[in-house]
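Written out below as structure tokens is the structure these notes cover.
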Amino acid sequence: MAARSVCVTDVFDKSPITSFHIKVYTLCLLVIILDGFDLVVIGVTLPKIAQYLHASPTALGLAVGAGQMGPLIGAMMIGMLSDRWGRKKSLFISALIFGLFTMLTTTVGSVPQLALFRFLAGIGLGGAIPNALALGCEYAPSHRRAFITGMMWAGMPLGSVIAAFAAAWLLPHHGWQSLFWVGGIPPIVVGLMVAMFLPESLAFLVRQGKDKLAIRKIISRISPAMAGEQETEFYSNEKKLSGVPVKHLFTEGRAFTTIAVWMLFFLSFYLLWVMLSWTPTLLRNAGASIRQYSVAYAFLNLGSLIASLIIGRLMDKFDVYHVLEIWFVLAFITVSIFGLGSHNPFMVVAILAGITGLFVNGGNTGLMALGTISYPTSIRGSGIGWAYGVGKVGSMLGPVVGGVLLAHSWSVGRICVVNGLSGLLIAAIVVILSRHAAAARRKAVPEMASAASTH
């Protein structure tokens, strides 16, 4: 009997989602939750750490800045290495680094120590995020990839909510160190679970073409019928790329896509962090009480969580680019209305905060999904890692710009409208990227037909 060739993409597209898929998605989701948890922990513990170390706000600001640089470097470097090592090994190492140095933060005795441990923990965290997203995406059917990515990215606001509740109970009773124990032990546990239970990316293994036994074993968990056909050979329809992965982000017509994706991530993370960092202050300046702006902030995160689950489904069902275009136009409108309407009664402001979170964070989630599907398997880790790193630059700039505008006595409405323009700029870039992608697809059709005929 002649050997039958099956593209690895068809293994997922022609098979139902099973408990095996859910296990992969769940472990990847746990990694993203840890990121969301960490984002809140450093903010809520900073006043206590300042008292403990007798440190000035300026010194602590530098330490927090070092913590932000870690994920930027980790995302770019470990994301790139994962295209060589594989997702599983990179995710395991990243989780251990993050957990170890988060726990060591409980031992700090000086601001330089705090900066060092936060920087090193950030490297692990930054390396884990692109690998978790890439691995989850590579175990998703083509028609569900945006939804699966959105579902995993929902772990970000979910982790923030968990951290907020944990801080409310742990800080008064067990001190600031307890939150870093709670934030450090789970990554170690998740890392060990990754080592024991998480499979390597099937697309990565097939592209490497070395461990055929492992390939068939994984396929037997997804589609036993395909794995049972001993004469079947599995192949990838993506070309194997040699050399340094990051250089391939700019070759074979990908340079425009890469630059556009980096711009989108930068602007989206910038807008997101302007809102996350300054919403309580903006509402306080508008006359809200502590309780009111705290609840409004919770609504902002709740909207973010809901959006992460919605936008991926819409992107799978409709045109990816059109969904993002509309979503970010609505993000501009809602951010502007939120700022201009900040003097309204409390419940109105809370609802506006929820709707704003829906579109600002939802758009960010959509771009994470776009990033995962913009690159082939061989450079997906590098693609997501570098885009996420560029986004981190935007997330560092956003709070700074917000602080400068507040220092110059800008009104809440003016700050929101001006920064909300980022949404319109993102929508415009998405339109341009959509046209570029359409042209690239038309060019690629004859090449794909030629490649398929060789199998």
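Placing M368, M69 in order of accessible area, with the largest value first and a 1.4 Å probe, yields M69, M368. Just so you know, the Cα atoms of segment 305-415 work out to an Rg and Dmax of 16.3, 52 Å. For segment 146-163, the Karplus equation 6.51 cos²θ - 1.76 cosθ + 1.60, evaluated at θ = phi - 60°, returns couplings of 5, 5, 4, 5, x, 4, 5, 5, 4, x, 5, x, 5, x, 5, 5, 4, 5 Hz by residue, with Gly and Pro reported as x. Stretching I73 away from I373 to a fully extended chain increases their span by 105.8 nm, per 0.36 nm per residue minus the current alpha-carbon distance. Debye-formula intensities of segment 118-172, expressed as log10 I(q)/I(0) at q = 0.22, 0.30 Å⁻¹, are -0.90, -1.06 (one equal scatterer per alpha-carbon, no solvent).
By its C-alpha gyration tensor, with a ≥ b ≥ c as the square roots of the eigenvalues, how is segment 84-182 shaped: rounded for a/c under 1.5, else prolate for a/b larger than b/c, else oblate? Oblate, since a/c reaches 1.5 and b/c is not below a/b.
Each residue of segment 312-320 was assigned a 3J(HN,Hα) from its phi angle through the Karplus expression (A = 6.51, B = -1.76, C = 1.60, θ = phi - 60°), giving x, 5, 5, 5, 6, 7, 10, 5, 3 Hz with x at Gly and Pro. Amide H contacts for S5 (H built 1.01 Å from N in the peptide plane; partners 5 or more residues away or on another chain; cut-off under 5 Å): E233. Amide H contacts for A55 (H built 1.01 Å from N in the peptide plane; partners 5 or more residues away or on another chain; cut-off under 5 Å): none found.
In order along segment 107-113, phi translates into HN-Hα couplings of 9, 4, x, 7, 5, x, 5 Hz, rounded to whole numbers, per the Karplus curve 6.51 cos²θ - 1.76 cosθ + 1.60 with θ = phi - 60° and x for Gly and Pro. Highest mean packing first, where packing is the average number of other Cβ atoms within 10 Å per residue, the peptides 196-205, 406-415, 133-142 line up as 133-142, 196-205, 406-415.
Annotation: per residue accessible area for segment 117-190 equals 30 Å², rounded to a whole number [probe 1.4 Å, protein chains only].
Spin-label pair I22-W410: with each label point 7 Å from Cα along the Cα-Cβ axis, the two points sit 4.7 nm from one another.
In segment 67-111, which residues have a backbone nitrogen under 12 Å from the label point lying 7 Å from A195's Cα in the Cα-to-Cβ direction? Under cut-off, by backbone N: 89, 92-97.
The values are calculated or read from the model by the stated rules, or taken from the named source; none is laboratory data. Predicted model, so just to flag it, every value in this text is computed and none were measured. Cβ coordinates were reconstructed from backbone atoms using ideal geometry, including for glycine residues, and neighbour counts include every protein chain displayed. The area values use the complete protein model at the heavy-atom level, side chains included, leaving out ligands, DNA and RNA. Shrake-Rupley method; radii C 1.70, N 1.55, O 1.52, S 1.80 Å.
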